[in-house]
Amino acid sequence: MIPAVLPTYSRAPLAFTRGEGSWLTAEDGTRYLDLGSGIAVNALGHAAPELVAVMQEQSQRLWHVSNLYRIPEQERLAELLTEHTFADTCFFTNSGTEACELAVKMARKYWSAKGDERFRILTFEGAFHGRSSAAIAAAGSEKMIGGFGPVLPGFTVLPFGDHEALKAAMAEPDVGAVLVEPIQGEGGIRPLPDVCLKGLREACDATGALLIFDEVQCGMGRTGRLFAHEWAGITPDIMMVAKGIGGGFPLGAVLATEAAAAGMGVGTHGSTYGGNPLGCAIGAKVVEIVSQPDFLAEVNRKAGLFRQGLEALVAAHPDLFEDVRGQGLILGLKMRRPPADLVAAARDEQLLTVAAADQTLRLLPALNIPDADIAEALARLERAASRLKTQ
């Protein structure tokens, strides 16, 4: 008999009743150190006092009115994002998947408004952009699209890191945009080197194609800059944001330059819940905190501390690990065996981690994780690794 909740997830046998900072408490009272953060969502940890205060205050005033009216909280968040990024304008969604849908629509509308049907969007193997029809077509993997055909046309998936394939594809006359994650999250914490990001910007500039960055997982301070692409010193034309921007509240956004958004006039897109006062009030507080230079400097310091410990773990267990991947606090352990084995072993040590593709274990702690919790996490990872070696 099918359960009341559609069985699309392979869930761990755990349920949590309370969260505080980097810790979760299970139904039986056991405390778990959380290095997943709801898959990079709880950027400021569980039940962050600053966000709780904003939610309580806003929830007593106004939750939802729809986009038929001005929403001052939405305008405030848009002003913060445009102040701190390349963007001139923002549209608010409820998720990264919805942000992907709009990014695709915006890029195609840009060319349609010019009277030029450059509809094709180039993407890369290993990518994950969500689970809508457009997002799975953009990823292109059999795991994502199997059984969901016919697949939405207009996407060409290129091999990761194949510069010649990219050069050839960019020469096609119907290519209107390139969509890429600066750091692939689900794909195994695979960063795109700065030189490649710069090369993509140059290639798009040469052909007029729009450059779309998916920073749903690697954005919002996770790399030690507000957005990952800032390390390369370049900017996109359109960017997808979600996960950490709401600090646990469902919130996403598409950021764009005025030129890239030129085709999106009244009636071209909409959302019932997107940009509601409650979500945007919380999002504004997250941006205010995460965009502070001192906060980002701390992310980088903590990342150095964490990475040093992970490098030592890899050196101590060369039979289990190949290397450490990622930047800031979006880190991965490339493994020599399925990462699910270490996820289970770590869970036995009351440590929560996340598996990814390419035999990689993801580590996505809260950006404000205390040093003591980093040390504790490393100790538990060491015990989990030792446990695996005896199995």
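Summary table
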{"item": "Long-range neighbours under 7 Å by Cβ, at least six apart or interchain, first residue over 15 Å from Val104 (Cα atoms) and buried (at least 24 other Cβ atoms within 10 Å of the Cβ) within region 254-281, second at pLDDT 95 or above and hydroxyl-bearing (Ser, Thr, Tyr)", "result": "Gly274/Thr93"}
{"item": "Residue that is nearest to the chain's Cα centre (by Cα) [pool: residues in region 343-373 that are part of a helix (DSSP H, G or I) and farther than 21 Å from Phe16 by Cα]", "result": "Asp371"}
{"item": "Options Ala340, Ala262: the member that is at pLDDT 95 or above, over 30 Å from Ala206 (Cα atoms) and of a type outside the set (Phe, Trp, Tyr)", "result": "Ala340"}
{"item": "Residue list for region 1-56, filter: among the hydroxyl-bearing types (Ser, Thr, Tyr) and under 25 Å from Gly283 (Cα atoms)", "result": "Thr17, Ser22, Ser37"}
{"item": "Conditions (1) on the phi > 0 side of the Ramachandran plot; (2) in a helix (DSSP H, G or I); (3) among the hydrophobic types (A, V, I, L, M, F, W, C); number of the one not met by Val195", "result": "(1)"}
{"item": "Enumeration of residues in region 30-50 that are over 16 Å from Val241 (Cα atoms) and not in a strand (DSSP E or B)", "result": "Thr30, Leu35, Gly36, Ser37, Leu44, Gly45, Ala47, Ala48, Pro49, Glu50"}
{"item": "Qualifying residue in region 55-70 (condition: out of contact with any helix residue (DSSP H, G or I) (no Cβ under 9 Å at 6 or more places or on another chain) and aromatic (Phe, Trp, Tyr))", "result": "yes"}
{"item": "Boolean, Thr93 is closer than 12 Å to Gly252 by Cα, buried (at least 20 other Cβ atoms within 10 Å of the Cβ) and within 23 Å of the chain's Cα centre (by Cα)", "result": "yes"}
{"item": "Residues that are over 30 Å from Thr235 (Cα atoms) and in contact (Cβ under 8 Å) with a residue 12 or more places away in the chain, drawn from region 58-96", "result": "Gln58, Ser59, Arg61, Leu62, Trp63, His64, Val65, Ser66"}
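The values are calculated or read from the model by the stated rules, or taken from the named source; none is laboratory data. What you see is a predicted model, and the numbers here were worked out from it, not measured in a lab. Don't worry about glycine lacking a Cβ; one is built from the backbone with ideal geometry, like all the others, and counts go over all protein chains shown.
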